[in-house]
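Structure record follows, encoded as structure tokens.
The values are calculated or read from the model by the stated rules, or taken from the named source; none is laboratory data. For clarity, every value in this text was computed on a predicted model and none was experimentally measured. Note: ideal-geometry Cβ built from the backbone for every residue, glycine included; neighbour counts use all protein chains shown. What goes into the accessible areas is simple: the full protein's heavy atoms, side chains included, and nothing from ligands, DNA or RNA. Shrake-Rupley method; radii C 1.70, N 1.55, O 1.52, S 1.80 Å.
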Amino acid sequence: FTYAAKFFGVEFVSRENETSSIILNKDGKKLRYKVKTIIEFSSDRKRMSVVVEDSEGNLKLLTKGADSIMFPRLKNKEEAAAMYDPHILTYA
């Protein structure tokens, strides 16, 4: 996951426990996100989610999970499948 993020120009820099923040480097620009809550992985959900707040107060939900769980939840399933299926098959 971190290798993929770095490939797309996003790199984890640090985590500040006292402020529950994570610092990312996005194309040379430092971004700070305050972790609001973590929904741990479970075998029922088959995914993990984190709610973060950016410096402008916007909330974002970041989720990592099994393909079989994530793809049915996508808005544009066909478009995403056409884009990612060749990569998934290559690395599966």
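Tabulated data for the structure shown
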| quantity | calculated |
| --- | --- |
| Where a residue in region 13-31 is without any contact (Cβ under 8 Å) to a residue 12 or more places away in the chain and of a type in the set (S, T, N, Q) and its partner, wherever it lies, is surrounded by 10 or more Cβ atoms within 10 Å (Cβ to Cβ) and part of a strand (DSSP E or B), with Cβ under 9 Å and at least six apart | Ser14/Ser21; Ser14/Ile22; Ser14/Ile23 |
| In region 51-65, the residues that are out of contact with any strand residue (DSSP E or B) (no Cβ under 7 Å at 6 or more places or on another chain) and open to solvent by less than 100 Å² (accessible area, probe 1.4 Å) | Gly57, Asn58 |
| From Lys36, Lys64, Lys6, Lys60, residue being touching an Asp or Glu at 6+ places or on another chain (Cβ under 8 Å), closer than 28 Å to Ala81 by Cβ and among the charged types (D, E, K, R) | Lys60 |
| Residues (touching a Lys or Arg at 6+ places or on another chain (Cβ under 8 Å) and β-branched (Val, Ile, Thr)) located in region 1-49 | Val10, Val13, Thr19, Ile22, Ile23, Ile39 |
| Top-ranked residue in region 25-50 [being surrounded by fewer than 13 Cβ atoms within 10 Å (Cβ to Cβ) and over 15 Å from the mean Cα position of the chain (by Cα); ranked as farthest from Phe12 (Cα to Cα)] | Asp44 |
